[in-house]
Structure formats: C-alpha cells, structure tokens
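These notes are about the structure you will find just below.
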Amino acid sequence: MFGKRLIVGGTIAILIGTLGACAGGGSGNGNATGTVSGSVSGTAGAASAEEDTVHGLKDTVRHVTAKTTRATRPRLVRKCSTATRRERHTSSSGTGSRRKTRTWYTTERYRSCTRVRSGTETYRKTVRTEKWCVELDDVNGDRRRDDVWYQVSSSVYGDAVAAADHARLEFTATREGC
C-alpha cells in the first residue's frame, strides 16, 4: 500500500518538473523562452485579392453548354432475410453459498439486410460542365497580352454580354483559359 503511494508521488513530482522545464519558466537568466512575438501586416491579403481581379478590353464571349450522355451502372437493391440466433438468459437468486443461477435459452429472430447487384440502370452522366468565358485584350494594361480567355461566373458573363465591344471590363476570374 505504501509502495504504490510512493510510486504515484514520485511520478507526479517528475511530471511537474518536466512540465515546468517545457514551459520555460525557470531558465535562471531572466529571459523567458518559448514565446513568439511579431506582427502580421494586412497587405498580403490585399495583394492576393488584387491578383485575382483582372481588367482589360472586351473582345469576345463564349458560353459552353453542359454535355451529358446516357450511361449504365450496376443497380443495387436492398435484400433482407430473417435469421435466428440462440440467446442465453440468466437469473440469480439467493446469497452467499445458497446462491443459485438459472440459465435458459431462447431463439430470437432478427433481420439482416445487404445491398446486392440486380441488373443495371441507365442515368445521365455529365461529360462536360457548363462554362461561361470572356476573352480580353490588353490584360491588366499590358498591350502585348491580347486574346486571353478567362472562365467567369454566369453573372459576370451576363455583364460582359451587355457591355459594348472593346469596353473596359474588370472582374474576378474563376480560372484562366476556357
């Protein structure tokens, strides 16, 4: 009994000492270790937002429709079956040396379900997703960058369609290329 208390006490003392050393509180030279100081400027987030936004002169717009095809896949159905298992039950009565345990068994029914393949089914498979694209000239003010395609959202595409030819457009592209 005393041996267990001594082991537990020693373990706690070692744990406290280890945690104190990891915290860096007792280095003795007055300098705290384990702290991090510094500042984060907000210009990095603004620069990445500016890089995503492009501007230039409208050249052409293109709407690529979604393309689907009929395909087949395995048809999975749920197949259930009933089964039985033997359940063991016990009941105890009495105390001490007069304790008696009675055991009996019953047959319990349960339902087991699995998904099995049963033929095939047809469905519409998307081969190409719908895309809205805008072609710009003089991208970001660079006169050498002409005929650059950008994939945009449907609302930006609607604005580009309504704009006149060679009008200045500024938008956030979903991705480059079309």
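Do we find that LEU76 is in contact (Cβ under 8 Å) with a residue 40 or more places away in the chain and either farther than 30 Å from ARG168 by Cα or among the basic types (Lys, Arg) (or both) in this structure? Give the steps one after another, and end with the answer.
Values: in contact (Cβ under 8 Å) with a residue 40 or more places away in the chain: yes; either farther than 30 Å from ARG168 by Cα or among the basic types (Lys, Arg) (or both): yes.
Answer is yes for this residue.
Can you give me the number of residues within region 63-111 that are open to solvent by less than 100 Å² (accessible area, probe 1.4 Å) and assigned to a strand (DSSP E or B)?
Going through region 63-111, the residues open to solvent by less than 100 Å² (accessible area, probe 1.4 Å) turn out to be 63-66, 68-69, 71-72, 74, 76-77, 80-84, 87, 89-94, 96, 101, 103-104, 106, 108, 110.
Restricting the remaining residues to those that are assigned to a strand (DSSP E or B) gives 63-64, 68-69, 71-72, 74, 76-77, 80-84, 87, 89-93, 101, 103-104, 106, 108, 110.
Summing the residues that are open to solvent by less than 100 Å² (accessible area, probe 1.4 Å) and assigned to a strand (DSSP E or B) in region 63-111 gives 26.
Looking at region 77-95 only, could you name the residues that are within 30 Å of GLU121 (Cα to Cα) and either touching a Pro at 6+ places or on another chain (Cβ under 6 Å) or among the basic types (Lys, Arg) (or both)?
ARG78, LYS79 - these are the residues of region 77-95 that are within 30 Å of GLU121 (Cα to Cα) and either touching a Pro at 6+ places or on another chain (Cβ under 6 Å) or among the basic types (Lys, Arg) (or both).
Tally time: how many residues in region 30-76 are at pLDDT below 50 and closer than 22 Å to THR122 by Cα?
Going through region 30-76 one residue at a time, the tally reaches 0.
All but one of (1) free of Cβ contacts under 8 Å to residues at least 60 places away in the same chain; (2) surrounded by 10 or more Cβ atoms within 10 Å (Cβ to Cβ); (3) part of a strand (DSSP E or B); (4) under 33 Å from the mean Cα position of the chain (by Cα) hold for GLY158; state the number of the condition that does not hold.
(3)
In region 48-62, what count of residues is obtained for those that are of a type in the set (S, T, N, Q) and assigned to a strand (DSSP E or B)? Before you say what the answer is, go through the steps one by one.
Filtering region 48-62 for residues of a type in the set (S, T, N, Q) gives 48, 53, 60.
Cutting the leftovers down to assigned to a strand (DSSP E or B) gives us 53, 60.
Number of matching residues: 2.
Using the structure shown, decide if GLY94 is touching a strand residue (DSSP E or B) at 6+ places or on another chain (Cβ under 8 Å), touching a residue at least 12 places away in the same chain (Cβ under 8 Å) and on the phi > 0 side of the Ramachandran plot. Steps first, please.
Values: touching a strand residue (DSSP E or B) at 6+ places or on another chain (Cβ under 8 Å): yes; touching a residue at least 12 places away in the same chain (Cβ under 8 Å): no; on the phi > 0 side of the Ramachandran plot: yes.
Here the answer is no, as GLY94 does not meet what is asked.
Considering region 118-139 alone, what residues qualify as being without any contact (Cβ under 8 Å) to a residue 60 or more places away in the chain and touching a Ser or Thr at 6+ places or on another chain (Cβ under 9 Å)?
Start the filter on region 118-139 by keeping residues that are without any contact (Cβ under 8 Å) to a residue 60 or more places away in the chain, which leaves 118-125.
Residues satisfying the conditions are THR120, GLU121, THR122, TYR123, ARG124, LYS125.
Which members of region 137-155 meet the condition of being in a loop (DSSP other than H, G, I, E, B), under 16 Å from CYS178 (Cβ atoms) and open to solvent by less than 60 Å² (accessible area, probe 1.4 Å)?
Taking region 137-155 and keeping what is in a loop (DSSP other than H, G, I, E, B), we get 138, 142-147, 153.
Still in the list and also under 16 Å from CYS178 (Cβ atoms): 145-147, 153.
Result: SER153, single match.
The values are calculated or read from the model by the stated rules, or taken from the named source; none is laboratory data. Predicted model, so just to flag it, every value in this text is computed and none were measured. Virtual Cβ from ideal backbone geometry, glycine too; neighbours counted across all protein chains shown. Keep in mind that these areas ignore ligands, DNA and RNA; they rest on the heavy atoms of the full protein, side chains included. Shrake-Rupley method; radii C 1.70, N 1.55, O 1.52, S 1.80 Å.
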